C-alpha cells in the first residue's frame, strides 16, 4: 500500500500541465493539499499580472488532490464542476493554492481552495474556488 504523500506526488507528477507551469506540491495532508507555482513570463496576462488561467489551474488541482487524499487506493478523482471568484490581480512572483475538502462523500466530494499571490513576504488572497469532485476508478 502506497503512503498518502507518495500517492499524491506520483499522481501530480503525471500532470504535464502542472510541469509546464513549474508548479510543485508544497504540502500533502488528509483533506488538504498546497501547490506552489511561480508566475513565469509565459503565464502572464496583458497587464503584467499572473494569468487567471494559472490561478484557476492550480486552484482546481489543489482542490482535486485534497479530495484524492481521502479516497481509496483504487480511486482517482475528476472535477465535475468548479467556480472561481477572482478577488485581486496576481501580483508577485509565486502563487500558492491551498485546497481542502469541505464535505467528503462516496459519490461527490465538495472542495474549496484559496489562491494567494506572494510578493516578498506578503501574501494576498487573489481567488477563491469552490467545486465538486467525482471519484472514478483508477
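Bear in mind that the values in this text are calculations on the coordinates, not laboratory data. Here the structure is a predicted model, which is why all the values come from computation and not from measurement. Glycine also receives a Cβ, built like all others from the backbone with ideal geometry; neighbour counts cover every protein chain displayed.
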Could you put 61, 16, 24 in order, starting from the residue whose Cβ has the fewest other Cβ atoms within 10 Å?
16, 24, 61
How high is the relative contact order of the stretch 1-51, in percent, with contacts defined as C-alpha pairs under 8 Å that are six or more residues apart?
25 percent
Provide 101, 110, 115 in ascending order of the number of other Cβ atoms located within 10 Å of each residue's Cβ, fewest first.
110, 101, 115
So, with points 7 Å from each Cα along the Cβ direction, the residue 80-residue 134 label distance in nm works out to 0.7 nm
With label points set 7 Å from each Cα along the Cα-to-Cβ direction at residue 46 and residue 4, the distance between them in nm comes to 4.4 nm
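In which sequence would 18, 133 go, from the one with the fewest C-beta neighbours within 10 Å to the one with the most? The partial results should precede the final answer.
Details: 18 18, 133 28.
So the residues, fewest neighbours to most, are 18, 133.
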Most fluctuating residue given options 37, 67, 119, as computed from a GNM of the chain linking Cα atoms under 10 Å:
119
Over the chain, what relative contact order in percent results from Cα pairs under 8 Å that are six or more residues apart?
24 percent
Among 48, 92, 64, which one shows the highest mean-square fluctuation when the chain is modelled as a Gaussian network with alpha-carbon springs under 10 Å?
48
Could you work out how far the C-alpha centroid of the stretch 50-84 sits from that of the stretch 98-122, in angstrom?
8 Å
Using a Förster distance of 35 angstrom, determine the FRET efficiency expected from the C-beta separation of residue 72 and residue 24, and round it to 0.05.
0.85
Can you tell me the orientation of helix 52-68 relative to the chain, as the angle in degrees between its alpha-carbon axis and the longest Cα principal axis, to the nearest 10?
20 degrees
Using only the alpha-carbon atoms, how far is helix 4-13 inclined from the longest principal axis of the chain? Give it as 0 to 90 degrees, nearest 10.
60 degrees
